[in-house]
Structure formats: C-alpha cells, structure tokens
C-alpha cells in the first residue's frame, strides 16, 4: 500500500514514521507520560484532547474526549484498540501500524493512563498475521519503558464486517461471540465482562499522541473547525494510484480523489465505505466534513473513497455492495436479516433492467423500514447507500426502469468483493 | 375419606392431569412452531400457560391422594426421588421423574424474567422428556390401564403430541431454516497474550 | 412510559402487535415497528401484558 503525497504540511502522522522505538523518540520526542500518574495529569490530558476537538477516526466521528471521560468514570476500564478495519476498502489503519506503530502505542499508553485503565487489548483480525507481528515487534521494542501503565495484550479476532462495531468488539475481546449488543442508553459505558471498556481507532490514538506533545492549538491549525486536524484516507477504485493519503479535514472530495490521479472523469465516488454514500457530479466539490456531507446525504465514515469508472453501472455496483452488506449481517435483528437481502434483490432487478416503478417504491419503502431498527447502524448504512444511489445515478435509473440497462451492468468495476460466494447465491 | 375414595381420586386426577398436560404440550408446540390459527397467537400462548397451571393443580391432588392412601405405602420421599417406593417401583419412578422434570419446567417459567434466556429454553425443552414419562407411568401403574377406553384415550394423546412434534420438526423447522444463514459462528478468538517476551 | 424493543431478542412472534395494534405494527417480515413516543395511560395495562407475554422478553415498558 503506497502513501500518496497530499499538500505539503499535512503529513503529521505519515511524516518521519519509525518502526524502531529509538528512531521514533528521536523524531517526535519522548513519551510525555510521567512516572507517577495522578488525577491532575489525567485531567490535563483529557482536557487537552477535549480542547483539540479530536473526533474518532474509526467511522463514527464521536468526540474522543467525551468517550474517554465516560470510560474514566468507571472503575478499571479496559482500553480496546480497534485495529479490525473490517471495511474492505480501507487500509489506513494497517498502513499506520506499519509506518508509525509507536505513535499508536504512545496514544494507547497515554489514554490508558488518563482513564485509569486496568488492561489494554490490541484487537487485530486473525487473517492479518503481518499486522499482528508488526505490533508485537513494536511492543517488544518498548519494553524498557517503565512508565507505561499496562502492557498491551494482542487479541486476534474473527474478521467480520460488524466485528469492528464497538459492542461487538468488546464482546469478542472478552471471549464471547463478536456481535453487537443492544445499547439503548449510550450514556452508560460500554460493557466488558463485569467492567467497562473504551474502544478507540488506532489513528485516533496516534493523533492523541501528537496532541499530548504539541498541544491542542497546534492540532487545530489544520482542518475544518467542526472536525479539526488531519485524517488518513484510503483511495481506491478507478484511480491511477490507489493508496493511503493524509489530508486535512474539510478538503473537497474531488481534491482528495485527485491525489490518487484520475485518468478519466470520475462518474461517482463512494464515500464512507460500503455503508456510505455515492457522491456524483457537483456533489464531488463538497468539503470532507460532517455538516456539508450530511446535506448531501453522506457521512465521513473511516476515510474510504472508492471511485467509480465512467463506463461502470452504478446500479450494478450498488447491488453488489448491498449483497455484501446483507451477507455481513450479524443475523440478530429481523429487519436486517430479512430486509437487507430483499433490498439487494430489488437492486438486482433494477440493475438487470427488470424492475418497474413498483419495485422502486418497494425498495424505498424497505429502506425506510430497516433504518434504525437494528441493534447497530448496519442496516442504516445500507439504506443510506440506496438513497444516495438514487441521487447519483438518477439519470441511469430512467433507462433501467424502462427495461434498457446500461452496458456497464455486465461489468465488475469495483473489483472482486470479499465473500464472493454471495455472487453465486444470486437468483 | 375412605380408602376407595382416595384410590378413585388418585386415578381420576391422574388421568385428568395427563390429558391437561397433553393439551399443554400440544399447544406449546403449535406456539413455538407458529402454526396458523383462528385464535390470535398470544391467546394460544396464554391458553398454554393457563392449562399448564390447571394441570399442576390436578397433579398436586393426584400426588396428595396417592400419599394419603394407606392401602399401599408410598412414602413422601418418592414424590421427588425415584425408585425409593416399594409399590410398583419402576412405574411410579417414571411418574416421579416426570414430576421432577415438570417442576423444573414450571419453576423456570415462573422465574423466567430472572434467568438467562438460554437457560429457560433448555429447561423448557425438558417437557419433551417429562410428558412421555407421565404417559408410560399412566400405562404401567395398572389400575385402569387394562381398560380399552383408557388405552384409547392415551393413544389419542400420544398421537396428537407425536403429530405436532413431527409437524414442527419437518414443516415448521424447514420454514425457519430457510431464513438467510447469516449468524456468525465465531471461533474462539486466539489470544496471543502479552507481547512476546514481556516480563514486567 | 414507553415501549422499548430489543431487536436482538425479538423473533417476530407478533404477540405485541396483537395486543397493542394501535401502538405496534408489523413490517412485511413480521417484526414490530413501534410508533414511538409515550404510551397513552389507558394502554399501559395492555402494554405490560404484552411485555409479559413476549416469548423472548424482547419488549419492555420503561419510563
């Protein structure tokens, strides 16, 4: 996975990356963690994160300090580092672990100390042994650090799409089945065994490590006001140089795609991952920040950008993503278990050119039916995807509905999706 | 109360309890298998509960009269401990076993809100062992088993429960299995433990 | 007081919709759709009964 050059000056995480701990401290300075951690230092770190306005880089974009404070209110919480990266088109977390693992581990040490954590568990998918090896090597390199509060443990977990959801991760790390739990009250800390858990994305922790050294004002110098700082993005699809880049938040989507080099005009971009939204035409100029994206029916997600080739069929690709989402349901909640395959089937009819107005109405009704009725936001992502397709591929829709699908409907533009067995289950 | 009355009471309440338990199990299978019916589904479930309560009442009287009946000695222990009675040891033991299992089903249902869902489910399935024990107990205890009318009654009970169970396994079970298979079967996560060589 | 549904427990038996037809509807797959908002006082008793009757204890009445 290559790192792409964005604007100079935005490379905070990706600059001077070091795998050896000595090189890391030479480049960034020592870990600002005192030998004895008292409540005063804990409050200092938490308010530094709060003033920096750091939000989670795992996809939900929740204010990080708020989550940390909630976990700190429980006794001996467990810090879970969420390196599951279940989003197939995202590589930024594993890239970060390869290039600057010590920033992530610094962040983990700092946050663990700030919340009074009893354990730190690094959660990595069990089919990414190289990432696990890199983290293990980095941890071995840090052994001489006397100040780290707890020695992080590595947990290799079952790699499913929903396994990265917070409550699913906490369950899997605790040795149970890795599926989301129903949490009606988000004001109660996440459960882990008998105690509480705090889940953070590796990139969020890396930013924390820099905020602790350089201060919240430095962090806010780049990026949008509502989500300050930089973020890592993974750009793939119909681009010349797919890869990971570090960009300022608030950069227009079109500019982000251009970093990877487009040979033809891009038809549309899937922003936010497989449960995200298509943006096409003028929407591509929207800044990559929550409020402008929400106006286009999109969310930031985990920095995933997939470009659609001009001759590909947006409806066919949407169907394929929807089938993936249906297959990745945890299988707990009726509306998701039944609704997502039904939505995928309707999309298949549209892509095939065998759908009429009635199918379209039924599809939209089903999207309304599934959204918000699961224990997690998985079905909401599918509904969002479909609604965005309606906007981005509205012109194509007319010809599809009149029985004349575009020639691109026979192409596979997004490449082979994981879980290819679900292609075979298409009727 | 004369001995004869007690004896008749034991037999009558026993047979009635068996019929009521049959109806309970039958309705329970229909509820779980979601059989279509003219009665609303919740009403059928409610009926299942009420009939089971009635069955327990008749069963309690049946046990009491059999203990009070001094013509044959059935000690108090043999109500819940099988094979301690001298009288028709094996057949009575089946009744005892059936009662023990029924107590497990009943108590777990009363305390349903306070026990884990899976535990309740497992205990409730003990009904599939309890009911046949009761049937064999009825056939083996002797007093009325030689009469054709009782044999016919038990045959009808057995046929209805067997039929319902078969329907549930083949028809209803197939329909539910046709749901999309998406439950994650998680292998237990592999813990690499603290980082290699950590010795703090 | 309102209804709270745990979708991970719900298995689509539909008893709640039978008992509270004005507050709970069923989607095309038999799973409950809650109207949301507070329960009218006169429906509270029926709601508690629905919570008790649910075979999976998926629905509750909460403040």
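For region A:163-245, which helices (runs of 4 or more DSSP H) that fit wholly inside it have 1 or more residues that are under 30 Å from residue C:36 (Cβ atoms)? Break it down stepwise before answering.
On the way: elements: A:166-173, A:202-214, A:216-219.
The helices (runs of 4 or more DSSP H) meeting that bar are A:166-173.
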### Query
Among the residues of region B:144-199, which ones are modelled with pLDDT under 80, loosely packed, with under 11 Cβ neighbours inside 10 Å and more than 14 Å from chain A (Cβ to nearest Cβ)?
B:174
### Summary
Taking region A:30-61 and keeping residues touching a helix residue (DSSP H, G or I) at 6+ places or on another chain (Cβ under 6 Å), closer than 17 Å to residue A:217 by Cβ and in a loop (DSSP other than H, G, I, E, B) leaves A:32, A:54
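Does region B:71-79 include one or more residues that are under 30 Å from residue C:55 (Cα atoms) and either out of contact with any strand residue (DSSP E or B) (no Cβ under 6 Å at 6 or more places or on another chain) or crowded, with 19+ Cβ neighbours inside 10 Å (or both)? Lay out the reasoning, then the answer.
In the first step, residues of region B:71-79 are kept if they are under 30 Å from residue C:55 (Cα atoms); the result is none.
No, region B:71-79 contains no residue that is under 30 Å from residue C:55 (Cα atoms) and either out of contact with any strand residue (DSSP E or B) (no Cβ under 6 Å at 6 or more places or on another chain) or crowded, with 19+ Cβ neighbours inside 10 Å (or both).
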#### Entry: Residue that is surrounded by the fewest Cβ atoms within 10 Å (Cβ to Cβ), among those in region C:22-33 that are in a loop (DSSP other than H, G, I, E, B) and more than 10 Å from every other protein chain (Cβ to nearest Cβ)
C:22
### Task
Could you tell me which of the residues B:43, B:35 is part of a helix (DSSP H, G or I) and over 15 Å from the mean Cα position of the chain (by Cα)?
B:43
## Note on the structure
Considering residues that are assigned to a loop (DSSP other than H, G, I, E, B) and touching a helix residue (DSSP H, G or I) at 6+ places or on another chain (Cβ under 6 Å), the number found within region A:267-287 is 3
### Query
Of the residues that sit in region A:258-268 and are at pLDDT 90 or above and surrounded by fewer than 23 Cβ atoms within 10 Å (Cβ to Cβ), which one is nearest to residue A:8 (Cα to Cα)?
A:259
### Query
With respect to the numbered conditions (1) closer than 30 Å to residue A:251 by Cα; (2) more than 18 Å from the chain's Cα centre (by Cα), which one is the sole condition not fulfilled by residue A:199?
(2)
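Taking helices (runs of 4 or more DSSP H) that do not extend beyond region B:87-169, which have at least 2 residues that are closer than 30 Å to residue B:71 by Cβ and free of Cβ contacts under 8 Å to residues at least 40 places away in the same chain? Write out each step before concluding.
Working: elements: B:89-110, B:117-124, B:127-140, B:148-167.
Because the criterion is at least 2 residues that are closer than 30 Å to residue B:71 by Cβ and free of Cβ contacts under 8 Å to residues at least 40 places away in the same chain, the helices (runs of 4 or more DSSP H) in region B:87-169 that meet it are B:89-110, B:127-140, B:148-167.
When you go through A:298, A:383, A:330 one by one, which is the residue that is under 19 Å from the mean Cα position of the chain (by Cα), in a helix (DSSP H, G or I) and surrounded by 18 or more Cβ atoms within 10 Å (Cβ to Cβ)?
Working: A:298 fails: in a helix (DSSP H, G or I); A:330 fails: in a helix (DSSP H, G or I).
Unique residue meeting the criteria: A:383.
Condition test on residue B:97, is it farther than 30 Å from residue B:171 by Cβ and at pLDDT below 90? Walk me through it before giving the result.
On the way: farther than 30 Å from residue B:171 by Cβ: yes; at pLDDT below 90: no.
So residue B:97 does not fit the description; no.
Can you tell me how many residues within region A:132-165 are within 7 Å of another protein chain (Cβ to nearest Cβ), under 23 Å from residue A:274 (Cα atoms) and at pLDDT 90 or above? Give the derivation first.
Going residue by residue through region A:132-165, those that are within 7 Å of another protein chain (Cβ to nearest Cβ) are A:132, A:136, A:139-140, A:143, A:151-158, A:160.
Next cut, under 23 Å from residue A:274 (Cα atoms) only: A:157-158, A:160.
Right, trim to at pLDDT 90 or above and you get A:157.
Residues in region A:132-165 being within 7 Å of another protein chain (Cβ to nearest Cβ), under 23 Å from residue A:274 (Cα atoms) and at pLDDT 90 or above: 1 in total.
Of the residues that sit in region A:333-355 and are farther than 30 Å from residue C:9 by Cβ and touching a helix residue (DSSP H, G or I) at 6+ places or on another chain (Cβ under 6 Å), which one is nearest to the other protein chains (Cβ to nearest Cβ)? Give the derivation first.
To start, the set of residues in region A:333-355 that are farther than 30 Å from residue C:9 by Cβ comprises A:348-355.
The next check asks that each one be touching a helix residue (DSSP H, G or I) at 6+ places or on another chain (Cβ under 6 Å); those that pass are A:348-351, A:353, A:355.
Details: A:348: 15, A:349: 17, A:350: 19, A:351: 20, A:353: 25, A:355: 18 Å.
Among them, the one singled out is A:348.
Per-residue answers, yes or no, for (1) touching a strand residue (DSSP E or B) at 6+ places or on another chain (Cβ under 8 Å); (2) within 12 Å of chain B (Cβ to nearest Cβ); (3) closer than 15 Å to residue A:206 by Cβ:
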position	(1), (2), (3)
A:118	yes, no, no
A:128	no, no, no
A:167	yes, no, no
A:174	yes, yes, no
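Can you tell me how many residues within region B:30-48 are facing another protein chain (nearest Cβ under 9 Å) and either buried (at least 18 other Cβ atoms within 10 Å of the Cβ) or touching a residue at least 60 places away in the same chain (Cβ under 8 Å) (or both)?
Residues that pass the stated criteria total 7.
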### Query
Taking region A:364-377, which residues are surrounded by fewer than 23 Cβ atoms within 10 Å (Cβ to Cβ), part of a helix (DSSP H, G or I) and within 13 Å of chain C (Cβ to nearest Cβ)?
A:365, A:367, A:368, A:369
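Looking only at region C:34-46, decide whether some residue is within 14 Å of chain A (Cβ to nearest Cβ), outside any helix (DSSP H, G or I) and under 9 Å from the mean Cα position of the chain (by Cα). Lay out the reasoning, then the answer.
Restricting attention to region C:34-46, the residues satisfying the condition of being within 14 Å of chain A (Cβ to nearest Cβ) are C:34-36.
Of the ones still in play, those that are also outside any helix (DSSP H, G or I) are C:34-36.
Remaining after also requiring under 9 Å from the mean Cα position of the chain (by Cα): C:34.
The answer is yes, given that some residue of region C:34-46 is within 14 Å of chain A (Cβ to nearest Cβ), outside any helix (DSSP H, G or I) and under 9 Å from the mean Cα position of the chain (by Cα).
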### Task
Check region B:58-65 and report whether any residue there is out of contact with any helix residue (DSSP H, G or I) (no Cβ under 6 Å at 6 or more places or on another chain) and crowded, with 17+ Cβ neighbours inside 10 Å.
no
### Message
Condition first: within 14 Å of chain C (Cβ to nearest Cβ) and either in contact with a helix residue (DSSP H, G or I) (Cβ under 9 Å, 6 or more places away or on another chain) or closer than 17 Å to residue B:48 by Cβ (or both). Now tell me which residues in region B:87-124 satisfy that.
### Response
B:108, B:109, B:110, B:111, B:112, B:113, B:115, B:119, B:120, B:121, B:124
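Can you pull out the residues in region A:349-362 that are assigned to a helix (DSSP H, G or I) and surrounded by 21 or more Cβ atoms within 10 Å (Cβ to Cβ)? Don't jump to the end; show me each part of the working.
Of the residues in region A:349-362, the ones assigned to a helix (DSSP H, G or I) are A:349-352, A:357-362.
Result: A:350, A:351.
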### Query
Which one of these is within 13 Å of chain A (Cβ to nearest Cβ), touching a helix residue (DSSP H, G or I) at 6+ places or on another chain (Cβ under 8 Å) and surrounded by 15 or more Cβ atoms within 10 Å (Cβ to Cβ): C:9, C:2?
C:9
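Out of region A:118-131, which residues are closer than 25 Å to residue A:71 by Cβ and in a helix (DSSP H, G or I)?
We begin by selecting, within region A:118-131, every residue closer than 25 Å to residue A:71 by Cβ; these are A:118-125, A:131.
Within region A:118-131, just A:131 meets the criteria.
For region B:86-96, enumerate the residues that are over 19 Å from residue B:4 (Cβ atoms) and surrounded by fewer than 20 Cβ atoms within 10 Å (Cβ to Cβ).
Correct list: B:86, B:89, B:90, B:91, B:93.
Just give me the residues in region A:269-283 being surrounded by fewer than 23 Cβ atoms within 10 Å (Cβ to Cβ) and either without any contact (Cβ under 8 Å) to a residue 12 or more places away in the chain or over 19 Å from residue A:313 (Cβ atoms) (or both), in sequence order.
A:282
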### Task
Please give the number of the condition residue A:89 fails out of (1) assigned to a loop (DSSP other than H, G, I, E, B); (2) in contact with a helix residue (DSSP H, G or I) (Cβ under 8 Å, 6 or more places away or on another chain); (3) at pLDDT 90 or above.
(2)
### Summary
Given the conditions (1) more than 14 Å from chain B (Cβ to nearest Cβ); (2) under 19 Å from residue A:192 (Cα atoms); (3) assigned to a helix (DSSP H, G or I); (4) at pLDDT below 95, every one holds for residue A:95 apart from (2)
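The values are calculated or read from the model by the stated rules, or taken from the named source; none is laboratory data. Note that the structure is predicted; figures quoted are calculated from it, not measured. Because the Cβ atoms are built from the backbone with ideal geometry, glycine has one as well, and the counts that use them run over all protein chains shown.
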